[in-house]
1. Inspect all residues belonging to segment 177-184 and state whether any of them is open to solvent by 30 Å² or more (accessible area, probe 1.4 Å) and within 21 Å of the chain's Cα centre (by Cα).
2. Scan LEU224, LEU141 and give me the residue that is closer than 25 Å to LEU21 by Cα, touching a Phe, Trp or Tyr at 6+ places or on another chain (Cβ under 9 Å) and open to solvent by less than 10 Å² (accessible area, probe 1.4 Å).
3. For LEU196, state whether it is in contact with a helix residue (DSSP H, G or I) (Cβ under 8 Å, 6 or more places away or on another chain) and farther than 25 Å from LEU21 by Cα.
4. Name every residue in segment 62-79 that is touching a residue at least 40 places away in the same chain (Cβ under 8 Å) and in a helix (DSSP H, G or I), in order of residue number.
5. Scan segment 156-163 and tell me whether some residue there is hydroxyl-bearing (Ser, Thr, Tyr), open to solvent by 40 Å² or more (accessible area, probe 1.4 Å) and closer than 25 Å to GLN127 by Cα.
6. Between a first residue in segment 36-49 that is surrounded by fewer than 20 Cβ atoms within 10 Å (Cβ to Cβ) and a second residue that is outside any strand (DSSP E or B) and of a type in the set (S, T, N, Q), which pairs have beta carbons less than 7 Å apart while being 6 or more apart in sequence or on different chains?
7. Examine segment 5-19 for a residue that is at pLDDT 95 or above, part of a strand (DSSP E or B), out of contact with any Lys or Arg (no Cβ under 6 Å at 6 or more places or on another chain) and open to solvent by less than 20 Å² (accessible area, probe 1.4 Å), and state whether such a residue exists.
Amino acid sequence: MHIGECEMTFAVRDYDLDATLMSGQAFRWRWSEGAWEGVISAHWVRLRACEGGIVAETALPIGDWSWLREYLQIEVDLDAVLLSFPDDEPMRAAVAACRGLRLLRQEPWECLASFILSSSKQIVQIQQIVSVLCERFGRALLTPLGHEPVYSFPTADRLAAASEGELRNCKMGFRAPNLRATAKAIAEGAINLESLRTRTVQEAREELLKLPGVGAKIANCVLLFAYGFQAAFPVDVWVMKALRQLYFAKRRPSRQRLLRFTATHFGAYAGYAQQYLFHYMRTKRDL
């Protein structure tokens, strides 16, 4: 087993690490020898659940673990989140099946670029594309002795300088020009991703929608997974299936009707409710 140089145990209850890391929010985690290995910013990280918490290992000594607490959202009061959900049968079933699922808080550029690459792809395919992209354009990171090489997510500047052909060679196909154009916009300061933290959700969404390859679903994913805007409710094929089958089974509502429903029905933590419905439909419900 690969052992890191630094280990920390975070006390947290009701945290389903497996579901959280594999629920389509982030794409850099893989299961290896009894734990999850991934990259957060410039850190190689190994995570495993333990009784009463999560054990984290890194390859370098860490004095301040706030970056990992923020990423994992350990301080969130999950009971309060779940109590905010509507008391209806679909949400009760989703919570019963997926309790402990958390929303991560990711770095905005990596989250944005990853979801641009996600268009029309399954999670395993997105993971493969992101892995190749990092290997070719990222920076090698320190890992435990004997561990295979691991790379950071490439910066917007680095991808803006790449050719479309180089990006297409990472198996991203038609997404290459959109990723490159968006990287260029970020690198040149056309949009400041950090500034979106202080904007309203609508203002932040309007800014993201200006970027090539970013539609409503991708914008809402970034607003939710990178910024924590709970009013953002990403609707993909799985969530649309959940809405139609669980809430409108005997009706044929228009897409606009369904979107109006999501804006009013799911309460103060609508984004969290969306993730529970998504994961429930994708992995738990007997379709």
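1. yes
2. LEU224
3. No.
4. LEU68, ARG69, LEU72, LEU78, ASP79
5. Among the residues of segment 156-163, at least one is hydroxyl-bearing (Ser, Thr, Tyr), open to solvent by 40 Å² or more (accessible area, probe 1.4 Å) and closer than 25 Å to GLN127 by Cα, which makes the answer yes.
6. ALA42/SER152
7. yes
Let's see how each residue does on (1) of a type outside the set (A, V, I, L, M, F, W, C); (2) touching a Gly at 6+ places or on another chain (Cβ under 6 Å); (3) farther than 17 Å from GLY100 by Cα:
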| position | (1), (2), (3) |
| --- | --- |
| CYS6 | no, no, yes |
| ASP16 | yes, yes, no |
| MET22 | no, no, no |
| ARG28 | yes, yes, yes |
| GLY38 | yes, no, yes |
| ARG48 | yes, no, no |
| ILE54 | no, no, no |
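The values are calculated or read from the model by the stated rules, or taken from the named source; none is laboratory data. Treat the numbers as computed from the prediction; the structure is a model and nothing was measured. Reconstructed Cβ throughout: ideal geometry from the backbone, glycine too, with neighbour counts over all protein chains shown. Calculation scope for accessible area: heavy atoms of the full protein, side chains included, ligands and nucleic acids excluded. Shrake-Rupley method; radii C 1.70, N 1.55, O 1.52, S 1.80 Å.
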